[in-house]
Amino acid sequence: MYPRINLITLGVSDLHRSIDFYEKGLGWKRSEESNDSVAFFQIGAVVFGLFGEEDLAKDIGIPFQKRQEFSGITLAQNLASEPEVDSVIEKVRTLGAKILKEPQKVFWGGYSAYFQDPDGHIFELAYNPFFPLNQKGEIVLSK
């Protein structure tokens, strides 16, 4: 199997609230493939989806259960500088995101912060001088 992830879907409790957070708040562009049940955003080579959490459990074929505060999964966006991390954290703060860790220098030599979106999904914002970004803002790992 070729190593790739094409789509990341988050189960959300209020689809319209989540769409507002990502689309209106963060400025992500919702795809025309979105509909009343699911929203899609093109983020680089990956598609990011928002889907009602109860409907997502039903689609999977499992009983719906409220998630715990920490699911063991984080999503991350690497940024080009420490000031950019600070700027984005301030933006999500104004959108009502819960800041879990304020921007700070970290043990591995970078700079990062964590926040929760309106449904409690945890995101890291980081500047990592060891993971260069290409012109599209994508991480380029050495082979």
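A short reminder: the numbers here are calculations on the coordinates, not readings from a lab. Quick caveat: nothing in here was measured; it's all calculated off a predicted structure. Here Cβ is always computed from backbone atoms with ideal geometry, including for glycine, and neighbour counts include all displayed protein chains.
Of all lysines in the structure, those lying under 19 Å Cα to Cα from Lys58, and not within fewer than 8 positions of it along the same chain, are Lys66. Rounded, prolate or oblate: pick one for the stretch 1-62, where a ≥ b ≥ c are the square roots of the eigenvalues of its C-alpha gyration tensor, a/c under 1.5 means rounded, and failing that, prolate if a/b is larger than b/c, else oblate. Because a/c hits 1.5 or more and a/b fails to exceed b/c, the stretch 1-62 counts as oblate. Judged by the mean number of other Cβ atoms found within 10 Å, the most tightly packed of the peptides 135-141, 47-53 leads the ranking 47-53, 135-141.
Straight distance only, please: which aspartates and glutamates reach the Cα of Lys24 with their own Cα at less than 16 Å, same-chain residues fewer than 8 apart left out? Straight-distance partners of Lys24: Asp14, Glu32, Glu90, Asp117. When DSSP beta bridges are restricted to pairs lying wholly in the chain, around 65% turn out antiparallel. In straight-distance terms, cross-link reach from Lys101 covers every one of the lysines whose alpha-carbon lies under 21 Å from its own, apart from those fewer than eight places away in the same chain; here that gives Lys91. Estimated from helices alone, the mean residue ellipticity of the chain at 222 nm is -5000 deg cm²/dmol (sum of -39500 (n - 2.57) over DSSP H runs with n ≥ 4, per residue). In terms of packing, defined here as the mean over residues of other Cβ atoms within 10 angstrom, the peptides 38-44, 120-126 line up highest first as 120-126, 38-44.
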